[in-house]
Amino acid sequence: MPTPPAYALVATDLDGTLLRPDDTVSSRSRAALGLAAASGARHLIVTGRPVPGIRALLTDLAYTGLVVCGQGTQLYDADAGRLLRSATLDREAADTALGKIEAEVGAVFAAVDQDGVDGVTLIEAGYRMPNPTLPAQRVGAREALWERPVIKVLVRHPELGDDALAAAARGAVGDLATVTMAGPGTVELAPRGVDKGTGLAAAAELLGTGPEGTVAFGDMPNDLPMFAGSGLRVAMGNAHPELRAAADEVTLTNAEDGVAVVLERLFGTGPA
């Protein structure tokens, strides 16, 4: 009888983790994920991107499993092409939260990810997308951000760094939303109590796996809740100091196939 793998679930962030700087997944990482699958482990993508921002990548990877999207706000069935669960951010609370942040740090620029498998990312004047490859539509006034249900709000400040803005936002927002830093130039507001950890837990329940059987890979503070629900926590070599401090080990950077290096050790042999 085959021996089950030590880790039944491989949970990977995308940007700065599985994806290389050019937004692609290397052949080595694809092969390493194949090693894990051949050993009986499942791959679970856990990303801050909303569903519309990852569908092309899922097709490229021939990925047909569950996906945790939008910082845990969406649980998507890639095979069926439908949302299993979705949590929206109260739009009045989101607008109030932005006002509270601006009262602390001055004017900010905002964007929103709309709910749904075909939701649009809307950006107000002055907001620059951290990843220019992701599609977005510009609106003329902030009020237009709230025309449809949203899963999260993205906030940028013209001068403050990400750590300073995230700290100020947490102090200002209180219980109106969950504040996280998801990447360079990416401070986000999600529904209160929703994060990558809750998304991972929901997916793991459906897959019949537990924290002790999960190995998680990440690079930014928004991956901390995912780390809390995993048995082995691996930070990328390019990871934020907060995540490195919470990790069991630090691998190479995303440009150096750091995910593949660990998977080859856990599930098989890689290149010499």
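The values are calculated or read from the model by the stated rules, or taken from the named source; none is laboratory data. What you see is a predicted model, and the numbers here were worked out from it, not measured in a lab. Positions of Cβ are backbone-derived with ideal geometry, glycine not excepted, and every protein chain shown enters the neighbour counts. Heavy atoms of the whole protein, side chains included, go into the accessibility calculation; ligands, DNA and RNA do not. Shrake-Rupley method; radii C 1.70, N 1.55, O 1.52, S 1.80 Å.
For the peptides 171-179, 184-192, the ranking by packing is 184-192, 171-179, with the highest mean count of neighbouring Cβ atoms within 10 Å listed first. Shape of the range 218-268 from the C-alpha gyration tensor: oblate (a/c of 1.5 or more and a/b not above b/c, with a ≥ b ≥ c the square roots of its eigenvalues). For the chain, DSSP calls about 60 percent of its internal beta bridges antiparallel. Computed from backbone phi, the HN-Hα couplings of the range 217-231 come to 10, x, 9, 10, x, 5, 8, 4, x, 5, 4, 4, x, 10, x Hz, rounded to whole numbers (Karplus: 6.51 cos²θ - 1.76 cosθ + 1.60, θ = phi - 60°; Gly and Pro given as x).
Charge tally around residue 158: other residues with Cβ under 15 Å, Lys/Arg +1 each, Asp/Glu -1 each, net -3. Classified by the C-alpha gyration tensor, the range 152-226 has a prolate form. Its axis ratio a/c, with a ≥ b ≥ c, is 1.5 or above, and a/b is larger than b/c. Using a Gaussian network model of the chain in which every pair of alpha carbons under 10 angstrom is joined by a spring, one finds that among 137, 74, 114 the greatest mean-square fluctuation is at 137.
When both bridge partners sit in the range 125-272, DSSP labels roughly 55% of those beta bridges antiparallel. Collect residues whose amide H, placed 1.01 Å from N in the peptide plane, falls under 5 Å from the amide H of residue 42; neighbours closer than 5 in sequence don't count. The list, which skips near neighbours in sequence, is 9, 10.
With contributions of -39500 (n - 2.57) from each DSSP H run of at least four residues, the per-residue ellipticity at 222 nm computed over the chain stands at -8500 deg cm²/dmol.
Element breakdown for the chain at a 1.4 angstrom probe: carbon and sulfur atoms account for 52% of the accessible area. Normalising the average separation of contacting C-alpha pairs (under 8 angstrom, six or more residues apart) by the number of residues puts the relative contact order of the chain at 21 percent.
Packing order of peptides 95-101, 127-133, 15-21, highest average first: 15-21, 95-101, 127-133 (average count of other Cβ atoms within 10 Å over each peptide's residues). Decide, for the range 1-84, between rounded, prolate and oblate: order the square roots of the alpha carbon gyration tensor eigenvalues as a ≥ b ≥ c, take rounded if a/c falls under 1.5, and otherwise choose prolate if a/b is larger than b/c, else oblate. Oblate shape, in that a/c is at least 1.5 and b/c is the bigger or equal ratio. Separation of the range 30-87 from the range 128-175 is 24 Å, based on Cα centroids. What the phi angles of the range 174-183 give under the Karplus curve with 6.51, -1.76 and 1.60, with θ = phi - 60°, is a coupling list of x, 8, 6, 6, 8, 9, 9, 10, 9, x Hz, glycine and proline written as x. Its relative contact order, with pairs defined as Cα atoms under 8 Å and 6+ residues apart, puts the range 151-215 at 31 percent.
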